[in-house]
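One structure is given here, and the rest of the page talks about it.
The values are calculated or read from the model by the stated rules, or taken from the named source; none is laboratory data. All of these numbers come straight from a predicted model, not from anything done at the bench. All Cβ positions, glycine included, derive from the backbone under ideal geometry; neighbour counts span all protein chains shown. Just the protein is used for accessible areas: all its heavy atoms, side chains included, with ligands, DNA and RNA removed. Shrake-Rupley method; radii C 1.70, N 1.55, O 1.52, S 1.80 Å.
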Amino acid sequence: MTRNYSNWPIILVLLLISAPIIVMYAFLLVDTVTTSPPGSAIPNGFTLSHWRFLIDPTATGDVWGPTLTTILFTASIVLIVLGVSSTAGYALSRLNMPFRRFFLGGILVMHAFPLVTLIIGVFLVLQFVGLYNTLTGVVLVKAGLMLPFGIWIMKGFYDTVPWEIEMAGVQDGASRFTVWRRLILPQVRPGLFALALFAAIDAWGEYMLPRILAPSADFEVLSIYLNTVSDPDSTTYNFNLFKSVGLFYTLPILALYAIFRDRLMNIFGGGTKG
Amino acid sequence: MQIVLKDFTKTFDGNTVIDRMNLTVEDGEMLALLGPSGCGKSTTLFAVCGIHRVNGGQILFGDRDVSNLPSQQRNVGVVFQNYALYPHMSVFENIAFPLTVRKDSKADVDRAVRDIAELTHISELLERRPGQLSGGQQQRVALARALVRKPDVLLLDEPLANLDAKLRLEMRSEIRRIQLETGITAILVTHDQVEAMSMCERIAIMKGGKIIQIDTPKDMYSNPRTSFVAGFLGNPPISFLKGRAEAGGFVLDDGSLRLPLPVASQIPDGTDLTVGIRPEHFGRAGDVPISGKVIFAETQGRENLYDVALPDGSVLRSVQPAQDDVRAGDSVSWKLESAAALVFAEDGRRL
């Protein structure tokens with residue numbers, strides 16, 4: 001492709017602005033496989049010993065338990081968010097149901113509240129229904145807090161599907177449910193995909209909710225695990241080890257971003273094919 | 001299958017859009033619902049296929065009352081203006097969809113789809129996606145999908161509006177051919193009088209939620225019941241002169257023109273009248289000479305079209321075989337066939 005302007009000035013400016021982040025990521029990467037003398041940032045030797053936590057539970061405690069928990073945590077949240085958003089978004093976009101405007105308004109209002117303002121109420125509810133200090137409770141709260149965003153996004157995608165397709169499906173003898181599943185859902189797939197990614201990334205990084213709503217539970221997600229590793233008073237404290245665990249924790253997200261970057265951007269396009 | 005609308009009434013949010021409309025479409029007939037936008041023709045169509053619920057009256061397919069049946073049980077094929085093809089399915093899957101919903105066996109579906117594809121001339125396109133088809137091809141797919149499960153009724157909602165002029169001509173005859181070959185009862189909704197006249201056995205012309213006249217295209221053209229019908233049909237359109245009745249004839253308001261009119265003998269002198277004159281009845285032949293000034297001339301290749309302003313300001317249109325002797329600005333003295341003039345009362349009724 002030829003352009004009638006050159007790209008390099010823009011790229012240079014962007015590079016300069018993001019330089020601190022790039023440098024930090026570079027050091028994060030380098031430090032996990034090298035040793036450096038005390039007081040110096042320049043590495044002087046190669047080692048894989050910082051990664052020994054992967055196979056040696058004595059280094060920082062077992063890492064695979066929290067990893068599995070995090071995967072389960074993330075997967076459940078993604079499933080709930082997708083399931084509810086894809087159906088609720090359809091209802092809000094298409095069905096002439098009572099209190100539709102109220103629901104739409106409610107979703108926006110919910111979206112506007114920061115998590116911390118809700119946390120006491122959420123805590124009380126969890127306590128009341130007996131889900132405090134359980135993984136289920138945290139999953140439900142996290143998924144619930146993501147739903148306003150998810151429903152709103154999916155409604156936007158459904159809005160772009162022409163009415164005639166739905167009418168044509170009904171004329172062809174299909175029930176409303178069949179129409180939704182076989183004709184409408186395939187057309188909002190980019191939205192579903194982007195939403196799934198978004199939910200996964202968000203859930204993977206969640207720290208506050210497990211911390212506050214399940215402080216003494218017998219499960220640990222990676223963010224909490226990372227926090228324990230970073231405790232300077234711990235006997236196994238090692239800053240490079242901490243960085244390795246951090247990188248281990250971040251890698252899946254970086255990979256998701258790198259692979260699905262284009263699809264993730266879909267969410268901002270409101271579903272129009274670009 | 002005969003379609004009967006009995007006292008069909010439709011209201012939206014308390015506004016009565018269509019009030020007790022009666023219409024019968026004979027078995028195997030193709031009928032056009034013709035009218036300007038907002039006249040209720042699409043509303044009628046959507047009521048027949050079940051997308052709109054009926055607020056009053058009945059819709060009958062043959063002897064079956066379908067007024068309160070959901071769309072799925074009416075067995076109606078619909079072609080939408082934008083075709084509404086399913087973009088994520090191949091042409092084959094699109095056409096097969098109504099059958100797979102019905103859970104027909106794979107072999108039956110395959111045979112039915114290939115048969116209908118042959119009828120609509122899209123056999124070689126079955127593997128493609130709708131996005132890879134031209135407008136005319138998409139139209140054929142939409143028709144095939146509407147017809148594949150052998151519906152009792154075929155409904156076409158402005159099927160040609162999204163096509164370019166040349167394709168429109170082609171699809172016009174194609175739709176008609178397919179309708180005749182299948183012998184299906186069809187209703188065509190259109191605002192284009194040429195489509196309605198060329199494709200349908202009968203035209204129902206609508207205005208403000210009412211059917212003004214139902215007739216064959218020829219009768220409707222030569223024998224319109226109101227000035228609205230006369231003005232809606234015909235291209236170039238009819239021109240109207242306003243005046244009054246006087247001594248068994250028609251006189252322009254300023255008295256500059258007199259037309260002998262047979263019907264005017266029963267009309268009291270001084271009654272306000274409107275006379276409609278089709279462009280083919282004003283030109284070099286006729287019995288009443290009229291002079292005026294050409295204010296607009298347009299050549300269409302085979303024919304020329306002129307607008308002639310009379311001394312009192314009213315305008316008469318004329319269509320004549322192409323020739324090169326008259327230009328805009330010339331004064332002409334042409335003739336009018338008074339026997340072909342259509343006379344309307346002040347309220348638009350034909351006299």
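Observations
- The residue list A:Val122, A:Val138, A:Val109 contains one member that is more than 14 Å from chain B (Cβ to nearest Cβ) and surrounded by fewer than 16 Cβ atoms within 10 Å (Cβ to Cβ), which is A:Val109.
- Count of the range B:84-112 residues which are open to solvent by 60 Å² or more (accessible area, probe 1.4 Å), within 13 Å of chain A (Cβ to nearest Cβ) and assigned to a helix (DSSP H, G or I): 1
- Verdict on B:Leu133 being in contact (Cβ under 8 Å) with a residue 24 or more places away in the chain and within 12 Å of chain A (Cβ to nearest Cβ): no
- Identity of the residue in the range A:11-61, assigned to a loop (DSSP other than H, G, I, E, B) and of a type in the set (Val, Ile, Thr), that ends up modelled with the lowest pLDDT: A:Ile42
- Residues of the range A:155-164 include none that is closer than 17 Å to A:Arg211 by Cβ and of a type in the set (Ser, Thr, Tyr).
- Output for the range B:12-37, where each listed residue is open to solvent by less than 40 Å² (accessible area, probe 1.4 Å) and either not in a strand (DSSP E or B) or not hydrophobic (A, V, I, L, M, F, W, C) (or both): B:Gly28, B:Glu29, B:Gly35
- B:Asn68 vs. criteria within 14 Å of chain A (Cβ to nearest Cβ) and in contact (Cβ under 8 Å) with a residue 12 or more places away in the chain: no
- Residue match in the range B:113-130 (condition: open to solvent by 10 Å² or more (accessible area, probe 1.4 Å), of a type outside the set (A, V, I, L, M, F, W, C) and within 22 Å of the chain's Cα centre (by Cα)): no
- A:Leu185 being farther than 30 Å from A:Thr69 by Cβ, of a type in the set (A, V, I, L, M), open to solvent by 20 Å² or more (accessible area, probe 1.4 Å) and modelled with pLDDT of 90 or more: yes
- Hits in the range B:269-299 (condition: within 12 Å of B:Ala345 (Cβ to Cβ) and not in a strand (DSSP E or B)): B:Thr271
- Residue within the range B:136-144 that is open to solvent by 30 Å² or more (accessible area, probe 1.4 Å) and of a type in the set (D, E, K, R) present: no
- Test for A:Leu131: is it without any contact (Cβ under 8 Å) to a residue 24 or more places away in the chain, away from every other protein chain (no Cβ under 14 Å) and surrounded by 15 or more Cβ atoms within 10 Å (Cβ to Cβ): yes
- Some residue of the range B:43-60 being touching a helix residue (DSSP H, G or I) at 6+ places or on another chain (Cβ under 6 Å), open to solvent by 40 Å² or more (accessible area, probe 1.4 Å) and not in a loop (DSSP other than H, G, I, E, B): no
- Given (1) assigned to a helix (DSSP H, G or I); (2) modelled with pLDDT of 90 or more; (3) within 14 Å of chain B (Cβ to nearest Cβ), index of the condition A:Val161 fails: (1)
- Qualifying residues in the range B:71-83 (those that are open to solvent by 60 Å² or more (accessible area, probe 1.4 Å) and touching a residue at least 60 places away in the same chain (Cβ under 8 Å)) - the one farthest from the other protein chains (Cβ to nearest Cβ): B:Gln81
- Qualifying residue in the range B:340-349 (condition: open to solvent by 20 Å² or more (accessible area, probe 1.4 Å) and in a strand (DSSP E or B)): yes
- Residue count for the range B:24-60, restricted to those that are away from chain A (no Cβ under 14 Å) and out of contact with any Cys (no Cβ under 7 Å at 6 or more places or on another chain): 23
- Selection within the range B:137-147 - farther than 17 Å from B:Glu29 by Cβ, more than 9 Å from every other protein chain (Cβ to nearest Cβ) and touching a residue at least 40 places away in the same chain (Cβ under 8 Å): B:Gln138, B:Gln139, B:Val141, B:Leu143, B:Ala144
- Exactly one residue among B:Ile295, B:Ile277 is out of contact with any Gly (no Cβ under 7 Å at 6 or more places or on another chain) and surrounded by 15 or more Cβ atoms within 10 Å (Cβ to Cβ), and that residue is B:Ile277.
- The range B:268-284, residues that are among the hydroxyl-bearing types (Ser, Thr, Tyr) and over 14 Å from B:Ser314 (Cα atoms): B:Thr271
- Total residues in the range A:193-216 satisfying the condition of being under 22 Å from the mean Cα position of the chain (by Cα) and either open to solvent by 40 Å² or more (accessible area, probe 1.4 Å) or within 19 Å of A:Leu131 (Cα to Cα) (or both): the figure is 15.
- Meets criteria (among the β-branched types (Val, Ile, Thr), assigned by TED's automatic domain parsing to the domain that holds B:Ala196 and either at pLDDT 90 or above or over 18 Å from B:Glu346 (Cα atoms) (or both)) for B:Thr226: yes
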